[in-house]
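Read the figures in this text as sums done on the coordinates, not as results from a lab. Small disclaimer: the values here were computed from a predicted structure and weren't measured. In this analysis, Cβ positions are derived from the backbone assuming ideal geometry, glycine residues included, and neighbour counts consider all displayed protein chains.
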Ligand code: ATP
Ligand code: MG
């Protein structure tokens, strides 16, 4: 019978890699704590219309990437392709948005039916941040400063670039949209097929078309920044000012529009050239209309999501994972003969109680070359427990060299050796 395999584009994360995920997640958690963000956990499945209404009917995600199915009650459900819509839904549903500000974060799997390749999967993971009730540019700046601090703590700052743009108010965007369509209609026949289609449905997306012909046509196109409303211009200037004051470098990219419909004003992406084609590691922006669009009272919002797989890939490619993150075991414990197995377990329990945080694995099979086994398991120390009359004694291996530990004061000597390590 053929072996059952994982679904294409959905990955297992094996122990050698999960340590890198854990390292990344711990760094993210520290930074989020430093800015006072609270975790929220949402279901991975939602009603399909939540995503249609928020992300937009004519976006790549809704048109061709969603995992949508009917449940046994014939309701249309979708595996979440992103977290913002669910987060807004949850915050609104539980009254977190009324007359208050919120700083929330979440993490977990997202699902998109895309062509799997390096850095692009069908189940992938995001860590997302959403902040509500704050319309000022200082919030946008905070989100960016927070990510910059994270890159710094991971050693990634010099490998990423911040791209920034403002989409203006939704009225300004609608006005620009018409101007852009009028311009592009003159060249309709020369546009690539996707762009032709988007001309009627989502013309702003044409701005990030990769087609060289379309790119040529766009060179003379009217620019979004010339159509921004005054308030959005000021908002954006204030954001740039705060970033400048705090030493954050950025590139203004007037063509950055993002693939989701709900953004207004600030949009940003952190990109890298270390990953080949899938170069965006974190993306977000402001979405002041989204809460109202989903039926709530008008509440400003802004946020971003980072792609965990892409960040893990970066950390591994650039060899930025500290050795200590891969070190998951302090002591590997084995008994010289089977008769000592019960004593071994008691000793292990005693050590775990004596040294909080100790990472100890005890050996459960026949003993052969424990030193090599300990090294394989990544432990700094290995201990073979032996018997001396009624008492225990043993050999402690450290960095490949053995040291005898006498029966007298045995446990205390082991605890002392471990305390140096842990
Ligand atoms: P892309 O342009 O690469 O398709 P996107 O604009 O669709 O990205 P967002 O919806 O903004 O991506 O998601 C935020 C981040 O999540 C991306 O910057 C990326 O790091 C990550 N991401 C998005 N889609 C995938 C995927 N299919 N596999 C892995 N990571 C992804
Ligand atoms: Mg995409």
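Descriptive notes on the structure:
- Antiparallel bridges, percent of DSSP beta bridges restricted to the chain (to nearest 5): 80 percent
- By the Stokes-Einstein formula, at 1.567 mPa s and 4 °C, segment 329-419 with its Kirkwood radius over alpha-carbon pairs has D equal to 101 µm²/s.
- Sorted by Cβ neighbour density within 10 Å, fewest at the top, the residues 52, 196: 196, 52
- Residue ranges 179-188, 316-325 sort as 179-188, 316-325 when ordered by packing (mean number of other C-beta atoms within 10 Å per residue, highest first).
- Most mobile of 72, 326, 258 in a GNM of the chain (Cα contacts under 10 Å): 72
- The GNM of the chain, with springs linking C-alpha atoms under 10 angstrom apart, assigns the highest mean-square fluctuation among 300, 15, 109 to 15.
- Given their separation in residues at 0.36 nm each and the Cα-Cα distance between them, residue 10 and residue 221 gain 72.0 nm when the chain is fully extended.
- By the helix-only formula, in which each DSSP H run with n ≥ 4 contributes -39500 (n - 2.57) and the sum is divided by residues, the chain has a 222 nm mean residue ellipticity of -11500 deg cm²/dmol.
- Segment 329-419: antiparallel DSSP beta bridges as a percent of all, rounded to 5: 60 percent
- Comparing mean-square fluctuations of 277, 407, 34 from a GNM of the chain with C-alpha springs under 10 Å, the top value falls on 407.
- Taken over the chain, the percentage of Cα pairs per 10 Å bin, counting from 0 up to the bin with the maximum distance, is 4, 18, 24, 20, 13, 10, 7, 3, 1, 0.
- Extension gain, residue 30-residue 149: 0.36 nm per intervening residue step, less the Cα-Cα distance, totals 41.8 nm.
- Global size of segment 175-329 as Cα Rg and Dmax, reported in angstrom: 19.0, 66
- In terms of other Cβ atoms within 10 Å, 70, 390, 309 run from fewest to most in the order 390, 70, 309.
- Cβ-to-Cβ counts within 10 Å put 373, 64, 3 in ascending order as 3, 64, 373, the fewest first.
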